[in-house]
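Reviewing the structure listed below.
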Amino acid sequence: MTITSHIASATDAISPNLRDHATKFYIDGAWVEPKGRGSAYVLNPATEEIVAEIGLGTPEDVNDAVQAARRAFAEFSTTTVEQRISWLEELLAAYERRGGDFARVLTTEIGAPIGLSSTGQFGLGAAHLRHTIDAMSDFPFEEQRGTSLIRREAAGVAGLITPWNWPMNQIFTKFASAFAAGCTMVLKPSEVAPLNAILFAEIVDEVGIPAGVFNLVNGEGPVAGTALVTHPDIDVVSFTGSTRAGIQISKAAAESVKVVHLELGGKSPNVILDDADLETAVARGVHACFSNAGQSCSVATRMLVPADRLAEAAAIAGRVADGYVIGAPQDESTTLGPVVNHTQFAHIQRLIQSGIDEGATVVTGGIGKPEGFDRGYYVKPTVFSDANNAMTIAQTEIFGPVLTIIPYATEDEAVSIANDSEYGLAAVVQSEDLARARRIAARLRAGHVYINHEFADYAAVPFGGQKKSGVGYEHGEWGIHGFVSVKSVLGAV
């Protein structure tokens with residue numbers, strides 16, 4: 001759904017109602033004041049100006065939310081699939097009605113260009129709801145095996161921790177899966193970009209989903225996040241974020257033997273085979289890498305090209321990168337906005353400098369802000385060539401508009417380089433020969449592989465990673481499986 005007709009300037013994004021709710025939490029069907037006095041500011045990354053203030057949750061706030069979810073679980077977990085589908089359909093309609101509000105808020109708090117906020121950022125939330133609704137009708141909540149029944153029942157109270165980079169994507173896929181299974185939940189969104197989650201709580205309230213089924217507490221990871229994953233009444237934890245944080249969450253949750261799902265970092269390869277149309281393949285790769293200012297965990301940031309075509313590939317990539325329109329995110333002509341905050345900007349600058357220091361060739365971009373941008377966390381779209389896979393820029397998740405081009409001599413070497421990473425979230429294979437591309441895809445250690453950057457089925461297929469990119473899968477029926485417990489009832493038939 002495209003909703004550009006509803007778009008206003010970013011300064012209009014934060015309504016008085018949203019400002020009021022931002023300082024509160026949504027617990028047990030009501031907007032409540034925080035127990036503590038802590039607060040934080042939400043910044044517009046394009047202007048570095050404060051746009052809202054949020055309350056920061058304490059362990060006491062988290063406990064209130066968890067207890068509300070626990071009280072609601074007994075009744076909600078026994079609702080029919082049809083009733084839960086009806087609620088999700090109402091939620092989808094409410095989300096689409098407020099599409100303009102979501103797009104403006106996303107542009108304001110994460111800096112995504114309005115064209116992206118109103119399509120991809122907004123649209124993925126709706127896609128996840130639709131696919132989950134479709135999956136619920138055929139999901140095997142109960143099936144017969146011999147004289148026994150195999151039941152898949154709601155696993156309990158779920159703690160959901162979501163990131164700032166694709167927030168509606170992650171909130172909706174986690175919420176929809178948990179809700180479909182019959183779980184109640186507590187959401188802690190990123191404190192960097194929490195306003196979209198508050199809008200989400202508003203539509204949950206509007207639809208009339210029973211009190212306590214969904215609860216929202218804002219806060220910092222070390223405080224509210226830790227309180228959530230260690231709470232004895234949380235049964236399932238679903239986290240999307242950094243590998244470092246995911247490891248800490250796994251350790252903390254192990255004390256109470258919780259089910260933990262992790263969607264973590266990535267350093268995905270884009271293997272361009274020698275039969276691919278180089279102009280098309282490289283352009284696709286650059287556009288995917290720079291989408292959302294490069295702040296995506298699964299996009300391919302390592303482009304592997306035949307060594308004898310390295311110079312040609314670098315020239316194409318540089319030309320495509322130089323074609324990006326850098327500007328105010330609310331301007332519909334902008335194709336590259338700022339990164340989310342100063343911390344992320346500084347991280348990217350350090351890694352660009354490491355690429356220079358370690359001998360990679362800067363095709364375009366480099367250190368510093370683009371010319372004319374004194375304010376805002378804008379990064380030059382940067383392409384490195386003549387790199388090798390041992391370089392820091394080839395091994396570290398940069399999370400910015402930075403592409404690293406690496407040459408290879410043979411197909412086997414390309415596969416070896418692609419797999420030479422601690423991550424295994426995604427990969428891309430580009431070739432004119434589909435059978436050949438599928439053979440390469442089968443050899444790559446990644447949770448999902450895109451052939452020729454085909455993304456059409458993204459929300460309809462399982463999403464997850466291998467190695468240090470995570471544990472468990474999301475989306476549709478695979479997401480629902482993550483929030484159920486399996487029970488065998490022998491002699492029931």
Give me a comma-separated list of calculated 3J(HN,Hα) values for region 263-269, in order, Karplus coefficients 6.51, -1.76, 1.60 applied at θ = phi - 60°, integers in Hz, x for any Gly or Pro.
10, 10, x, x, 9, 6, x
Starting from 0 in steps of 20 Å, tell me what percent of the Cα-Cα pairs of the chain lands in each bin.
24, 55, 20, 1
Treating region 268-459 as a set of equal point scatterers at the Cα positions, no solvent, please give the Debye-formula log₁₀ I(q)/I(0) at q = 0.09, 0.10 Å⁻¹.
-0.30, -0.37
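At 37 °C and 0.692 mPa s, grab the translational diffusion coefficient of region 417-493 from Stokes-Einstein with a Kirkwood Rh over Cα pairs, rounded to a whole number in µm² per second. Walk me through the numbers before you get to the answer.
Values: Rh = 14.4 Å.
Calculated translational D: 228 µm²/s.
Sort 329-340, 451-462, 476-487, 291-302 by the packing proxy (mean of other Cβ within 10 Å over each peptide's residues), most packed first.
On the way: 329-340: 22.5, 451-462: 14.2, 476-487: 20.0, 291-302: 24.5.
Packing order, densest peptide first, comes out as 291-302, 329-340, 476-487, 451-462.
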Relative contact order of region 268-459: what whole-number percent is it, with Cα pairs under 8 angstrom and at least 6 residues apart?
29
Rg and Dmax of region 206-347 over Cα atoms: what are they, in angstrom?
20.9, 63
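Explain nothing, just the number: relative contact order of the chain, from Cα pairs under 8 Å at least 6 residues apart, as a whole percent. Can you show the working numbers first?
Working: 1147 pairs, mean separation 95.0, N = 493.
In percent, rounded to a whole number, it is 19.
Ranking Tyr41, Tyr378 by Cβ neighbours within 10 Å, fewest first, what do you get? Mind showing how you got there, number by number?
Numbers: Tyr41 11, Tyr378 24.
The order, fewest Cβ neighbours first, is Tyr41, Tyr378.
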So which of Lys258/Lys468; Lys188/Lys369; Lys369/Lys468; Lys369/Lys467 end up more than 29 Å apart by C-alpha?
Lys188/Lys369; Lys369/Lys468; Lys369/Lys467
Once amide H atoms are built 1.01 Å from N in the peptide plane, which residues 5 or more positions from Leu187, or in another chain, come under 5 Å H to H?
Leu160, Asn215, Leu216, Val217
3J(HN,Hα) from dihedral phi, region 190-207, Karplus parametrisation 6.51/-1.76/1.60, rounded to Hz, x for glycine, proline
5, 5, 6, 9, x, 5, 5, 5, 5, 4, 4, 4, 4, 6, 4, 5, 4, 6
Rounded tilt (10° steps) of 122-138 against the dominant C-alpha axis of the chain:
50
Note the angle between two axes, namely the Cα long axis of helix 59-76 and the longest principal axis of the Cα atoms of the chain, as a number of degrees from 0 to 90, rounded to the nearest 10.
60
Could you give the radius of gyration (one decimal) and Dmax (whole number) of the Cα atoms in region 232-296, in Å?
18.3, 55
Which angle between 0 and 90 degrees, to the nearest 10, do you get for helix 99-110 versus the longest principal axis of the chain when only C-alpha atoms count?
60
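The numbers here are math on the coordinates, done by the rules we state, and not lab data. Being a predicted model, the structure only gives us computed values, none of them experimental. Note that each Cβ is placed from the backbone with ideal geometry, even for glycine, and that neighbours are counted across all protein chains shown.
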